[in-house]
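What follows is one structure encoded as structure tokens, with my remarks underneath.
The values are calculated or read from the model by the stated rules, or taken from the named source; none is laboratory data. The structure presented is a predicted model; accordingly, all values stated were derived computationally and were not measured. Don't worry about glycine lacking a Cβ; one is built from the backbone with ideal geometry, like all the others, and counts go over all protein chains shown. Calculation scope for accessible area: heavy atoms of the full protein, side chains included, ligands and nucleic acids excluded. Shrake-Rupley method; radii C 1.70, N 1.55, O 1.52, S 1.80 Å.
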Amino acid sequence: MKLSINWLNSYFNSIPNWDDIFHKLTMAGVEVEGVEDTDNDKIVEFKITPNRGDALSVLGILREIRVLTDYTPKNPADKIEFKSDIQNKMHIEIKESKVCSNYQTLIIKNVNNKAVLPNEILKRLEASGNRSISPVVDITNYVMLELGQPLHAFDMDKVGDKLSVRFAQDDEHLHLLADVDAKLNNKTLLICDSDDKPAAIAGVMGGLDSGVTQETTNIVLESAFFAPEVIIGKTKQYGITSDSAYRFERGVDPQLQEKAIKYAAGLIKIYCGGQVGEIASITEPIMAKQINVAYATINRLIGANIPQNTVDNILTKLGFAIKHPEVERNSALVVHNSLNITVPGHRFDINIEEDIIEEIARVYGYDNIEAQMPVTGYTMSVVCQNRESELKIKLVNLGYSEIIGYAFLEDKLESLLGNPQHKAVRLQNPIANLNVMRTSLIADLVKTLEHNINRGHKRMRIFELARVFHGETEDLQPLRLSGLVYGNYANPAWSMPNRSVDFYDLRNDIEILLCGLGQIKFIPEKDNSVFHSGRCAKILLSGREVGILGQLHPKYKAEFSLSELPYIFELDVGGIGYQNPALLVKEVSKFQKASRDLAFLTPFSVNVGDILDTIANANVPYLITANVFDVYQGNKLAHIKLNDTAVKSVAINFLFQGNKTLSDEEINNSMNLIQNSIKEKFTIELRT
């Protein structure tokens, strides 16, 4: 927001020390970004934070100056007198009082909209970035800049004698003053004329057909309060800019409308002539916000002992009404323990006691608060029992480091690495190029990998636990746990050779991660475009699909400048469940184990995991483990066919142990059971 220094000077009896004022404003959160010298004037630019819509006006800046300094500026609009000349009054109807609690109109007839405003007003508007349009429109802009209340002027001969406030219908259109044909929807609040046709988008911009021109003689002034939620995003939606919407979406004082419309009417009558009618008003009562705060809480959170009278004085200067509900008498001394505070209408950003305390701190001055070492106490904390923390701890113990990525992604990255089964949710207000919500955590992991590789890292184990977005409702935003391994299996050491991580390293980590939560199974997955089709598997837990793991598809190697491809997993945390791990405790046998090996010839299409599952389901006596130790497929088997299909050799080691010394006959019976159970289900032969 830009304002002329000469304009600000007009509210003081003598020219103040602006350098001192600007410093205090900046230190209190109303930042002065710069001061530009012009002919016979200076233009100051204020950087107003989004929560301080009350400061987007001359009145707002003067309130801050009054609080922070010893200067006492005059109030704007007090010098203009309002008086009705005629009894004409507009008919108004509010169909959406929840979002329009105060609506006021005023008819002014026989206006000269070709008059010339004083050069002083035109220069003030120009300094603030507003070009002159016509006297009536210039005055509405001037009042908005001075008081912070947006106004709009309709040509009465075009809108008739009635205005109403309602939401649009989906098939309605409005040609705006910005020469934009707006296709309206049912979330857009409208001002409609006497024929119920759209005349303006409420709080945003008027229609071209109802706007005032130099030929206009009869006008209707509008001054209203529109709730921020119906204004936010409308300028972007319709591709326009609007100083009015800029203020309404940040919040306007819901009690300022009458003062603003009277002020504007007085200026129009002075400079454009005309006869002023009577104000038509529909106003819903507004309950002022009440907040209780204890003096002890104020001092504890600020970290300074601020006297009670200083606190009271600061709040009073800020416009808060204060009462002391609790009084403790100690002889003749009255000690107040707390404050009951009524929040003024223009401070719509104040909702809780911490907001009040922040106001006290910024006005008291952060420089006046001495730095103190915090008082800390150490206690033994209870070990967190929720599933998310347990999963994180397990991964950290496995050597992974946690990352935290943005929930937003670029379109390109989402299309490359997003979940192909879900359409990405697009943002209406993108941050830079981050214009969609992620459907998977894999993109964050790969981006982090690329970033670290470019900085010389050759080995990585990282994970992220966060929500992904398959829709806009909470039930379509599941919690996911995703991890990535890359590079060498271990850090280099002179005592052992090194190797790159592979599928089975990551599979082993998943088995440790899910240990005790159910039966873990991996089945091949060839239809996921993100992963290498021959090195990818679905993760099943007690028969439920809970995730996927595999090697990143080779097509991404050049895209992310990878010398080798990482292995990645992603788990549905909700699918894992929150039951306590089911652990079976068994006595350790004191008898010796017996080992046997078998090698099978089986078609390529048979999965080794299915063979192991068949063995496990056969309930083989005394069998404690069955582990694959060799899979061979090469030229030596090229001449062998099973059902006219090429074969591979699978060698499995079996360990037997019981609560006694096992005989050869018992072990042989178990081995026969294993062979028979496999042959019943698969086309398979023993390799000799």
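Dividing the Cα radius of gyration by the Kirkwood radius, what Rg/Rh value follows for the chain?
1.16
Give me the percent relative contact order of region 227-377, please, defined on Cα pairs under 8 angstrom at least 6 residues apart. Present the calculation step by step, with values, prior to reporting the outcome.
Details: 131 pairs, mean separation 35.2, N = 151.
With pairs under 8 Å counted, the relative contact order is 23 percent.
Cβ under 11 Å from residue 122's Cβ, residue 122 left aside: what net charge do those residues give with Lys, Arg +1 and Asp, Glu -1?
Working: positive: 123, 124, 131; negative: 120, 126, 138.
Its environment carries a net charge of 0.
Over region 65-165, calculate the relative contact order: mean separation of alpha carbon pairs under 8 Å at least 6 apart, over the residue count, as a percent. Walk me through the intermediate numbers first.
Numbers: 69 pairs, mean separation 30.9, N = 101.
Once normalised by length, the contact order is 31 percent.
Using each residue's phi in region 509-519, evaluate 6.51 cos²θ - 1.76 cosθ + 1.60 at θ = phi - 60° and report the 3J(HN,Hα) Karplus result to the nearest Hz, with x for Gly and Pro.
The phi angles translate into 5, 5, 5, 5, 4, 9, 4, x, 9, x, 6 Hz.
Accessible area of region 575-688 with a 1.4 Å probe: how many percent of it is carbon plus sulfur?
Numbers: 3530 of 7320 Å².
After summing per-atom areas, the C and S share lands at 48 percent.
Calculate, for region 200-250, the solvent-accessible area per residue in square angstrom, rolling a 1.4 angstrom probe over the heavy atoms of the protein chains. If you can, show how the numbers build up before the last one.
Values: 1870 Å² over 51 residues.
Counting only protein heavy atoms, the per-residue value for region 200-250 is 37 Å².
Once Rh for region 82-225 is found with the Kirkwood sum over Cα pairs, what is the Stokes-Einstein diffusion coefficient at 37 °C and 0.692 mPa s, in µm²/s? Walk me through the numbers before you get to the answer.
Working: Rh = 15.8 Å.
It diffuses with D of about 207 µm²/s by this estimate.
On the protein heavy atoms, probe 1.4 angstrom, tell me the percent of accessible surface of region 59-145 carried by carbon and sulfur. Spell out each step's value before the answer.
Details: 1820 of 4230 Å².
Percent of accessible area from carbon and sulfur atoms in region 59-145: 43.
Would you mind checking the radius of gyration and Dmax of region 1-119 based on alpha-carbon positions, in Å?
18.8, 50
Take the alpha carbon gyration tensor of region 104-186, find the square roots of its eigenvalues, order them as a ≥ b ≥ c, and report rounded if a/c is under 1.5; if not, report prolate when a/b exceeds b/c, else oblate. Let's see the in-between values first.
Numbers: a/c = 2.16, a/b = 1.62, b/c = 1.33.
Since a/c reaches 1.5 and a/b is larger than b/c, the shape of region 104-186 is classed as prolate.
Can you run phi through the Karplus equation (6.51, -1.76, 1.60; θ = phi - 60°) for region 643-648 and list ³J(HN,Hα) in whole Hz, with x for Gly and Pro?
Coupling constants for region 643-648: 6, 6, 10, 4, 10, 10 Hz.
Rounded, prolate or oblate for region 559-688? Axes are the square roots of the Cα gyration tensor eigenvalues, ordered a ≥ b ≥ c, and the cut-off for rounded is a/c under 1.5. List each step's numbers first, then the result.
Numbers: a/c = 2.09, a/b = 1.08, b/c = 1.93.
Verdict is oblate for region 559-688.
For residue 338, list long-range residues whose amide hydrogen, built 1.01 Å from N in the peptide plane, is under 5 Å from its own amide hydrogen.
Amide H neighbours of residue 338: 295, 326.
Accessible surface of residue 451 in the full protein assembly, 1.4 angstrom probe, to the nearest 10 Å²?
Residue 451 has an accessible surface of roughly 90 Å² with all protein chains in place.
Grab the DSSP H runs of the chain that are 4 residues or longer, score each as -39,500 (n - 2.57), total them, divide by all residues and round the 222 nm result to the nearest 500 deg cm²/dmol. Let's see the in-between values first.
Values: 20 runs with 186 residues, N = 688.
So the helix-based figure for the chain works out to -7500 deg cm²/dmol.
Working out 0.36 nm times the residue gap between residue 604 and residue 358, then minus their Cα-Cα distance, what length gain in nm do you get to one decimal? Please list the in-between numbers first.
Working: separation 246, 0.36 × 246 = 88.56 nm, distance 7.03 nm.
Going from the current span to full extension adds 81.5 nm.
Can you give me the long-range amide H partners of residue 200? Hydrogens built in the peptide plane at 1.01 Å from N, cutoff under 5 Å, separation of 5 or more residues or another chain.
191, 207
Considering Cα pairs under 8 angstrom that are at least six residues apart, work out the relative contact order of region 142-187 and quote it in whole percent. Display every interim value, and only then the final one.
On the way: 35 pairs, mean separation 11.9, N = 46.
Relative contact order here is 26 percent.
On the accessible surface of region 177-271, probed at 1.4 Å, how many percent belong to carbon and sulfur atoms?
Numbers: 1730 of 3810 Å².
Taking all protein chains in place, region 177-271 shows 45 percent carbon and sulfur surface.
Before I look further, what does region 496-603 give for accessible area per residue, probe 1.4 Å, in whole square angstrom? Kindly include the intermediate steps, with their values, before the conclusion.
Details: 5930 Å² over 108 residues.
On a per-residue basis, 55 Å².
Which whole-Hz ³J(HN,Hα) couplings does region 44-56 yield from phi under the Karplus relation 6.51 cos²θ - 1.76 cosθ + 1.60, θ = phi - 60°, glycine and proline marked x?
In residue order, the calculated couplings are 9, 10, 9, 9, 9, 5, x, 7, 10, x, 5, 9, 8 Hz.
By how many nm would the segment from residue 173 to residue 616 lengthen if fully extended, with 0.36 nm per residue of separation less the alpha-carbon distance?
Working: separation 443, 0.36 × 443 = 159.48 nm, distance 6.95 nm.
Length gained, residue 173 through residue 616: 152.5 nm.
Where does the charge balance sit around residue 597 when Lys and Arg score +1, Asp and Glu -1, over other residues with C-beta under 14 Å from its C-beta? Walk me through the intermediate numbers first.
Details: positive: 593, 596, 687; negative: 630.
With Lys, Arg at +1 and Asp, Glu at -1, the net is +2.
In region 176-259, which GluC sites (Glu not before Pro) fall in coil by DSSP and have 15 or fewer other Cβ atoms within 10 Å? Write down the numbers at each step before the final one.
On the way: sites: 215, 222, 229, 249, 258; in loops: 215, 249.
Listed in order of number, the matching sites are 215.
Using amide H atoms built in the peptide plane, which far-off residues or other-chain residues are under 5 Å from residue 535 H to H?
Answer set, sorted by chain and number: 551.
When we measure straight from the Cα of residue 83, which aspartates and glutamates land under 20 angstrom away, once same-chain ones fewer than 8 places off are left out?
Filter leaves 222, 258, 278.
What net charge is computed for the residues neighbouring residue 659, neighbours being all others with C-beta under 10 Å from the C-beta of residue 659, Lys and Arg scored +1, Asp and Glu -1? The partial results should precede the final answer.
Numbers: positive: 590, 660; negative: 587.
Charge balance near residue 659 sits at +1.
Work out, step by step, the length gained on full extension between residue 638 and residue 663: first 0.36 nm times the residue separation, then minus their alpha carbon distance; give nm to one decimal.
Working: separation 25, 0.36 × 25 = 9.00 nm, distance 3.86 nm.
In short, 5.1 nm is gained.
7 Å from Cα along Cα→Cβ at both residue 308 and residue 404: what's the point-to-point distance in nm?
4.1
Might you tell me the accessible area per residue for region 635-682, computed with a 1.4 Å probe and given in Å²?
Values: 2760 Å² over 48 residues.
It amounts to 58 Å² per residue over region 635-682.
Write out the GluC sites (Glu not before Pro) in region 15-88 meeting two conditions: DSSP loop, and at most 11 other Cβ atoms within 10 Å of their Cβ. Please list the in-between numbers first.
Working: sites: 31, 33, 36, 45, 64, 81; in loops: 81.
Filter output for region 15-88: 81.
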